[in-house]
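J.: Below is one structure. I have some questions about it.
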Amino acid sequence: MTLFEKIIARQIPAEIVAEEPEWLAFHDINPQAPVHVLIVPKKVIPRLGEATPEDALLLGKLLLAVQTVTRKLSILETGFRVVINHGHDGGETVPHLHVHVLGGRPLAWPPG
Ligand code: 5GP
C-alpha cells in the first residue's frame, strides 16, 4: 500500500478536510503555506504522467475538489495555487498522485 492508501484506509492518521467517494483531502504534514492540503484519488495512479484516458473523469473531479477545499478553508476568494509534482525533477516523493493546494499567503512566482 502507498502511504496515501494507508491514510485513505485510516491506518495512518491525517487531518481530513473533505471526502468524496473518489477522493480524500487532508492537511499536508509539512505545510509550505498557512493552507497546504493534499487531494488524493482513492484509485492509485502513481503519477500524472501515468494517468490514462479512462482516468479523465477522475482527474476532472480532483480539480473540482479544489473548489470544495478552498471554499471550506476560506481561500477561494483570496487565491491559491494548485501543484502536481511529477518525478525526480518535479519533486515527487510519494508515488500516489496528489494535488497540492497552497494558500493563505501571497505565493512567489516562479517557484524554486
Ligand atoms: P510530493 O513531494 O510527492 O509532491 O508530495 C508529498 C507530500 O506528502 C509532501 O508535501 C509531504 O509533506 C506530504 N506527506 C508525506 N508524508 C505524509 C504523512 O504521513 N501525512 C501527511 N498528511 N502528509 C504527508
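J.: Dipole of region 1-90, Cα-centred, from +1 at each Lys and Arg C-beta and -1 at each Asp and Glu C-beta, to the nearest 20 debye?
T.: So the dipole magnitude of region 1-90 works out to roughly 140 debye.
J.: On to the next question. What ³J(HN,Hα) values, in whole Hz, does the Karplus curve 6.51 cos²θ - 1.76 cosθ + 1.60 give for region 47-59 when θ = phi - 60°, with x put for Gly and Pro?
T.: 7, 4, x, 10, 5, 10, x, 4, 8, 4, 5, 4, 4
J.: Before rounding to the nearest 500, sum -39500 (n - 2.57) across all DSSP H runs of length at least 4 in the chain and divide by the residue total; then give [θ] at 222 nm in deg cm²/dmol.
T.: Working: 3 runs with 27 residues, N = 112.
It comes out at -7000 deg cm²/dmol, rounded to the nearest 500.
J.: Test of the criteria: in region 52-106, which GluC sites (Glu not before Pro) are in a DSSP loop and have at most 12 other Cβ atoms within 10 angstrom of their Cβ?
T.: Glu77
J.: Now for a different question. Straight distance only, please: which lysines reach the Cα of Lys43 with their own Cα at less than 21 Å, same-chain residues fewer than 8 apart left out?
T.: In chain and number order, the partners are Lys6, Lys61.
J.: Moving on to the next point. Under a GNM of the chain (C-alpha, springs under 10 Å), which listed residue has the highest mean-square fluctuation: Val83, Val66, Val37?
T.: Val83
J.: Could you tell me whether region 37-94 comes out rounded, prolate or oblate from its Cα gyration tensor? Rule is a ≥ b ≥ c as square roots of the eigenvalues, rounded for a/c under 1.5, then prolate if a/b exceeds b/c, otherwise oblate.
T.: oblate
J.: Sequence gap at least 6, Cα distance under 8 Å: using those rules, report the relative contact order of region 15-57 to the nearest whole percent.
T.: It comes to 28 percent, rounded to a whole number.
J.: For a Förster distance of 25 Å, can you work out the FRET efficiency between the beta-carbons of Leu64 and Leu107, rounded to the nearest 0.05?
T.: Values: r = 21 Å, r/R0 = 0.85.
E(calc), rounded to 0.05, equals 0.70.
J.: Next question. Which one of Ala56, Ala65, Ala33 has the biggest mean-square fluctuation once the chain is modelled by GNM with Cα springs under 10 Å?
T.: Result: Ala56 has the largest fluctuation of those listed.
J.: Here's something else I'd like to know. Can you tell me how the chain classifies by the Cα gyration tensor, rounded, prolate or oblate, using a/c under 1.5 as the rounded cut?
T.: rounded
Every number in this text was worked out from the coordinates using simple rules, so none of it is lab data. Here the structure is a predicted model, which is why all the values come from computation and not from measurement. A quick note on method: Cβ atoms are made from the backbone with ideal geometry, for glycine too, and the neighbour counts reach across all protein chains shown.
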